[in-house]
Each structure stands twice: as structure tokens, then as C-alpha cells.
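Novice: My questions will all concern the structure given below.
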Amino acid sequence: QPEAEQELADGYHIEYAGMKWGMFFVGEYIGIILISALLVTLFFGGWHGPFDILPSLAFFWFALKTAFFIMLFILLRASIPRPRYDQVMDFSWKFCLPL
């Protein structure tokens, strides 16, 4: 059972309902899509296939690579647990503040 108030109903999203709440999640997923597309474009060959035999499949390769990274980000986001409040504070005081 979570003890902190912000853990009871998804943090700062507790203040929003309906369309405003939905827009937060739309914004988060748009960010995931854009970061995935940028990652594919800059570091993974963009629209080029493995041997680039058929240039007509450029959109397919780009969409496939982007979809892979979108699924990877969502999988990592869902599988990594949120840190507790005391863990965040401990990390902040020991590592972030001395920087």
C-alpha cells in the first residue's frame, strides 16, 4: 500500500480529469514517438534497409525500426518500478547535490 499522497493516484495527474488528463498522456506518447524516430534517423540508418536492395521499402524500414524502439521504451517504462520517496531523496542528497 503506497503511503505518499502522490503515489495514490499517479502523482501530479491527480489534479486533472477528462481531456486535460488525456492530453498529458498524448503528450507523453508523442514524445516517445518523436524520440524513437530521431533515434532511428540519427543512429540506426533511418530509412535504409539491411542491404538497401529495394529503395521502395524505405518507409517500411523506417516504420519498423521506429515501432521497435517505441515498444522497447514502453516495455522499459512498464517494467521498471518507481522509486520510493526515501530512495529519491537519498539519491538526490548523495549524488545530485554534490555535483
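Every residue, every condition in (1) modelled with pLDDT of 95 or more; (2) touching a Leu at 6+ places or on another chain (Cβ under 8 Å); (3) at negative phi, yes or no:
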{"position": "7", "(1), (2), (3)": "no, no, yes"}
{"position": "14", "(1), (2), (3)": "no, yes, yes"}
{"position": "19", "(1), (2), (3)": "no, no, yes"}
{"position": "37", "(1), (2), (3)": "yes, no, yes"}
{"position": "45", "(1), (2), (3)": "no, no, no"}
{"position": "65", "(1), (2), (3)": "yes, no, yes"}
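Novice: Please go through the stretch 62-99 and give me each residue that is in contact (Cβ under 8 Å) with a residue 60 or more places away in the chain and assigned to a helix (DSSP H, G or I), ordered by number.
Specialist: Within the stretch 62-99, just 85 meets the criteria.
Novice: Within the stretch 69-93, restricting attention to residues that are of a type outside the set (A, V, I, L, M) and surrounded by 13 or more Cβ atoms within 10 Å (Cβ to Cβ), which residue is nearest to residue 25 (Cα to Cα)?
Specialist: 73
The values are calculated or read from the model by the stated rules, or taken from the named source; none is laboratory data. The shown structure was predicted, so the numbers you read here are calculated from the model rather than taken from an experiment. Methodologically, a virtual Cβ is constructed for each residue, glycine included, from the backbone with ideal geometry; neighbour enumeration extends over all protein chains shown.
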